[in-house]
1. Quick check on this structure: which one of 125, 197 is farther than 28 Å from residue 79 by Cα and either touching a helix residue (DSSP H, G or I) at 6+ places or on another chain (Cβ under 7 Å) or without any contact (Cβ under 8 Å) to a residue 12 or more places away in the chain (or both)?
2. The conditions are (1) within 28 Å of residue 288 (Cβ to Cβ); (2) open to solvent by 30 Å² or more (accessible area, probe 1.4 Å); (3) of a type in the set (Val, Ile, Thr), and residue 62 fails exactly one of them. Which is it?
3. Residue 85 versus (1) of a type in the set (A, V, I, L, M); (2) part of a strand (DSSP E or B); (3) crowded, with 22+ Cβ neighbours inside 10 Å: which is the lone unmet condition?
4. Out of all the residues in segment 72-87, is one or more among the aromatic types (Phe, Trp, Tyr) and modelled with pLDDT under 95?
5. What are the residues in segment 242-272 that are polar (S, T, N, Q) and within 21 Å of residue 158 (Cα to Cα), if any?
6. Could you list all residues from segment 145-163 that are open to solvent by less than 80 Å² (accessible area, probe 1.4 Å), out of contact with any helix residue (DSSP H, G or I) (no Cβ under 7 Å at 6 or more places or on another chain) and free of Cβ contacts under 8 Å to residues at least 24 places away in the same chain?
7. Do we have residue 63 as within 22 Å of residue 33 (Cβ to Cβ) and in contact (Cβ under 8 Å) with a residue 12 or more places away in the chain here?
8. Write out, first by first residue and then by second, each pair whose Cβ atoms fall under 6 Å of each other, whose residues are 6+ apart or on separate chains, and whose first residue, in segment 317-328, is under 13 Å from residue 73 (Cα atoms) while the second is at pLDDT below 90 and open to solvent by 30 Å² or more (accessible area, probe 1.4 Å).
Amino acid sequence: MPDLAAFRVTDRAAWNAFVEHAPYRSFPQLWEWGELRSTSGWRPIRVAVGESPDRPLAGAQVLVRHVPLVGWRLGYAPRGPIGQLDDPAVRKSLISALRDLGASAGIATLKVDPEATGESPFGAALLRSPWRASSKVQPPRTRLIDLAPDEETLLANLGKKHRQYVHKAERDGVTIQHFDGSTDEATASQALADFYAIYTHTAERAGFVARVPAYYEQVWKLFAAAGHARLSFAALDGARVATLFHFTCGDRAAEAYGGMTDAGAESRANYLLKWEAIRAFRADRFSSYDLWGIATGGIAQFKEGFGGRQVDYVGARDLPLMPMQDAALRILLPAYGIAQRARLRLTGRKLAGSDD
C-alpha cells in the first residue's frame, strides 16, 4: 500500500459521504453530532488518513474539551474511529495521525468506543497496548436486527407474545405516524413537544434523567435537515401515547430515544410502534436496525422479543497521548465527575446534554 497522508476534513458533505459508507460507521461520527456537542463545550476536529484527501480510508471525529482548572484537554471520538481499520497499515497510520493531533491540540487522553467486536482485527487491536479500558459513554453492547429477510420472516422472528401484542394494538385502533426532515416546522414543533412530554414521563417512571427540551430541538434541527433523523408515534383515540426517535447513518438505523404513556403501555402501542419502525426502515432499504443498547430486566426482555442478535463491542478504550498529564487526569477527573453529579442532585437540574 502506498504511504498514507493525514489530513483534516473541513467540508461537511465530504465528511458525511465518508462516514456513511465507511466500515464501522455510526451516527455519532456524522458532522452534525460534532455541531451538536459544540454547544456544550466540545470542539469537533475531523482527522482522516488516505492516499489523498478525496479518498479517506479511515478517520475520526474527535471532540476536544478543556479540562477545568488545568491547561490540558480531553479528546473523545464517539463511536469512532471508523474506516478500513482491520488493515494494520491503515490502523497504524491513523494512530500516528491521532498522536499528532494530540500534540498539536494539547490532548492528554483520547477516548474511543467504536462499533468493533473483539473478534474483528480492529477490535482485537484495541484490546492490546497502547490502548487501555475506560469508563463507558456509549452502550458497549446492543441488539442488531438484520433487515435483509422478508417481512413475513421478520414478523416470525418476534416472540410469540410480541406478535400477539402487535396484533392487539392493531385491533384496538392504534395508528402510527412518522416525521422526518420534510415535515413542516409547525408540525415538527408540536411533534417534538409531544415527544418530550412522553419521554420525560418515561424518564420519571424509569428513574433516568432527561435533558432539557432545547437539546432535543437542536438534535432535530441538525439531523432532520441533513436527512439523518426520524420521529415516530403511536396514537390512540387521537392522542400520542408512544414515541421513538431514530438516527440514520448510511444504510443503518438506530433507535436512540423512546417512551410511552400509561395508556400506551396498556394498549401495547409501543409494540406496534417498534414493529412498524422496523418495517418502515426495511421498506426504505436499510440493512440493519440497532436497538441501541441492552438494559436489564423488563426492558431487555422487551428488546429481545423483537429478534435480532446480541453484539458485544470492545467498549470504551483510552489512548494516552501526554503520559504525565494523562496520569494526573486519571486522578482528577473521577473526583470532578462526582462533584458535578452531586451538584445536579442538589439543585434538581436536568442534564442539558454533553459527552461528559
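1. Working: 125 fails: farther than 28 Å from residue 79 by Cα.
One residue alone meets the criteria, 197.
2. The failed condition is (2).
3. In the conditions (1) of a type in the set (A, V, I, L, M); (2) part of a strand (DSSP E or B); (3) crowded, with 22+ Cβ neighbours inside 10 Å, residue 85 misses (2) alone.
4. Initially, segment 72-87 is screened for residues among the aromatic types (Phe, Trp, Tyr), giving 72, 76.
Now restrict to residues that are modelled with pLDDT under 95: 72.
Within segment 72-87, one or more residues are among the aromatic types (Phe, Trp, Tyr) and modelled with pLDDT under 95.
5. Filtering segment 242-272 for residues polar (S, T, N, Q) gives 243, 248, 261, 267, 270.
243, 267, 270 - these are the residues of segment 242-272 that are polar (S, T, N, Q) and within 21 Å of residue 158 (Cα to Cα).
6. Answer for segment 145-163, where residues must be open to solvent by less than 80 Å² (accessible area, probe 1.4 Å), out of contact with any helix residue (DSSP H, G or I) (no Cβ under 7 Å at 6 or more places or on another chain) and free of Cβ contacts under 8 Å to residues at least 24 places away in the same chain: 149, 150, 153, 156.
7. Numbers: within 22 Å of residue 33 (Cβ to Cβ): yes; in contact (Cβ under 8 Å) with a residue 12 or more places away in the chain: yes.
The answer is yes for residue 63.
8. Every condition considered, the pairs that remain are 325/72.
The values are calculated or read from the model by the stated rules, or taken from the named source; none is laboratory data. Given the structure is predicted, the values throughout are model-derived calculations rather than measurements. Methodologically, a virtual Cβ is constructed for each residue, glycine included, from the backbone with ideal geometry; neighbour enumeration extends over all protein chains shown. For accessibility, only protein heavy atoms count, side chains too; no ligands or nucleic acids. Shrake-Rupley method; radii C 1.70, N 1.55, O 1.52, S 1.80 Å.
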